[in-house]
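The values are calculated or read from the model by the stated rules, or taken from the named source; none is laboratory data. Just so we're clear, the structure is a prediction, and the values are computed from it rather than from any experiment. For neighbour counting, all protein chains shown are included, and Cβ atoms are generated from backbone atoms with ideal geometry for every residue, glycine included.
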């Protein structure tokens, strides 16, 4: 994979046909151009984050930039705690030819779509209203009835979903932090009585599962404070006991964005009568707009991430 020497390798999760690839290419080029940086970005989707290190070797081999700067990788935060997102020093990464993994400030890139309820409300209200006939069933996207959409209505759909999914998100968070970096250990099964366990019982179960996985896969022990970190970074205990106290903005950032956006799309169809709805086309349209919208949250977060790494590169 020969490329020109000033290329900056940026590795991202996903496949070649993932909708976010076009966003990354357009947004990163705009960021570099607007800042007057004479750097050619070489953005590669590598599948999962487990492939970051093998692909990083290409950057160190083909680009002189990576004598000064580690190959960059952008990954989902998922349910990682702050300590699990820390990186080694740049010179160590370069000497060992490892990538510097930078994480989104949100669970995954889909979480940023949840911020675009203004855009979505406008999009819904522009869809034509038609009476359903044999012809309209094959027509392009239309609304079965006229009901004005607003950002508040869409946010309410999301907030209701977050309240209903607290227990599921909590389980996914614990499972993720137990399974992280474990490749051979069997998938962790949810105890049948999990939803009825007390906090102390869940903590005891968590430590037992961690011990079993470390013994089977021979990993270094997880930090003893991991469970407490999980419970502190997201106020799980309060949210589980009183879902109505969920902090909407925090849930939008820390809960799974893909599932939440799927739920938002269902809301668009049921609440506003949108028919022949194409979710993938909508995502492509939204990402196309966000790639050049310098005031959007996803653009600004990507810009801050990238420029902080390029501060000392001309």
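A few notes on this one:
- Candidates 140, 167, 175 - the one that is more than 18 Å from the chain's Cα centre (by Cα) and at pLDDT below 95: 140
- Pick from the range 266-308, criterion assigned to a helix (DSSP H, G or I) and touching a strand residue (DSSP E or B) at 6+ places or on another chain (Cβ under 6 Å), ranking: farthest from residue 104 (Cα to Cα): 268
- Close pairs from the range 77-93: first more than 15 Å from residue 231 (Cβ to Cβ), partner in a helix (DSSP H, G or I), Cβ under 6 Å, at least 6 apart: 78/176
- Here 218, 242 are screened, and the one residue that is over 20 Å from residue 111 (Cβ atoms), at pLDDT 95 or above and over 25 Å from the mean Cα position of the chain (by Cα) is 242.
- Checking residue 299 against (1) surrounded by fewer than 17 Cβ atoms within 10 Å (Cβ to Cβ); (2) modelled with pLDDT of 95 or more, the condition it does not meet: (1)
- Looking only at the range 1-23, and only at residues there that are more than 10 Å from residue 59 (Cα to Cα) and modelled with pLDDT of 95 or more, the one that is surrounded by the most Cβ atoms within 10 Å (Cβ to Cβ): 23
- Here residue 124 fits the description: modelled with pLDDT of 95 or more, in contact with a strand residue (DSSP E or B) (Cβ under 7 Å, 6 or more places away or on another chain) and in the same structural domain as residue 264 (by TED's automatic domain parsing).
- Residue within the range 107-117 that is crowded, with 19+ Cβ neighbours inside 10 Å and either modelled with pLDDT under 95 or in contact with a strand residue (DSSP E or B) (Cβ under 6 Å, 6 or more places away or on another chain) (or both) present: no
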